[in-house]
1. Under the Karplus relation 6.51 cos²θ - 1.76 cosθ + 1.60, θ = phi - 60°, what is the ordered set of whole-Hz ³J(HN,Hα) values for region 9-19, x standing for Gly and Pro?
2. Residue 36 versus residue 53, label points 7 Å from Cα toward the beta carbon: distance in nm?
3. Could you report region 4-94's accessible area per residue, 1.4 Å probe, as an integer in Å²?
4. How big, in percent, is the set of alpha carbon pairs in region 80-129 lying more than 15 Å apart?
5. Stretch residue 79-residue 117 to full length: gain in nm at 0.36 nm per residue minus the Cα-Cα span?
6. Once every Cα of the chain carries one equal point scatterer and solvent is ignored, give the base-10 log of I(q)/I(0) from the Debye formula at q = 0.21, 0.23 Å⁻¹, two decimals.
7. At 1.4 Å probe size, with the rest of the protein present, what percent of the exposed accessible area of the chain is carbon and sulfur atoms?
8. How much FRET efficiency would the formula 1/(1 + (r/R0)^6) give for residue 92 and residue 43, where r is the Cβ-Cβ distance and R0 is 35 Å, rounded to 0.05?
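The values are calculated or read from the model by the stated rules, or taken from the named source; none is laboratory data. Everything quoted here is computed from the prediction, not taken from an experiment. Cβ coordinates were reconstructed from backbone atoms using ideal geometry, including for glycine residues, and neighbour counts include every protein chain displayed. Protein only, heavy atoms only, side chains kept; ligands, DNA and RNA dropped before computing areas. Shrake-Rupley method; radii C 1.70, N 1.55, O 1.52, S 1.80 Å.
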Amino acid sequence: MRMDASGELRKLQLQELDEIRNDAYESSRIYKEKTKAFHDRKISRKKFAIVQKGLLYHSRLKLFPGKLHSRWVGPFVVTNVFPHGAVEIHSLETGTFFKVNGHRLKSFYDGFQAYNFEEISLQCPVYED
């Protein structure tokens with residue numbers, strides 16, 4: 001008779017363990033959904049139009065770090081924008097067409113002008129005794 005009672009107790013403990021495991025899975029799923037929603041809200045959406053110019057991120061330069069190396073190459077001209085963020089670009093230098101992820105592209109602005117500054121050379125003061 002004690003065997004039946006201990007068997008029932010063991011079954012109850014296993015069911016409680018399954019419930020605890022299911023609760024853990026559910027709370028993990030809820031946490032992942034919340035963090036994904038937060039991450040998606042913080043992503044800046046980039047909109048590209050046809051004939052717009054852009055710079056392409058050169059990911060291979062990440063392997064060879066250097067302070068003065070620019071990781072952006074280009075400019076490229078956007079020729080087609082596909083759904084889900086893919087963008088077709090045209091190289092002005094080589095004349096080739098690429099299809100790249102829109103996250104690797106940033107807008108290029110032609111209208112910036114460099115300011116000319118006057119150069120003044122500084123001389124050391126001469127002290128006379």
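1. Calculated HN-Hα couplings, in order: 4, 5, 4, 5, 5, 5, 5, 5, 5, 5, 5 Hz.
2. Once both label points are built, they end up 4.0 nm from each other.
3. On the way: 7710 Å² over 91 residues.
Here the residues of region 4-94 average 85 Å² of exposed surface.
4. Numbers: 861 of 1225 pairs.
In whole percent, the long-distance tail amounts to 70.
5. Gain in length upon complete extension: 9.9 nm.
6. Summing over Cα pairs of the chain leads to -1.20, -1.28.
7. Working: 6950 of 12180 Å².
Roughly 57 percent of what the probe reaches on the chain is carbon or sulfur.
8. Numbers: r = 29 Å, r/R0 = 0.83.
Computed FRET efficiency for residue 92 and residue 43 comes out at 0.75.
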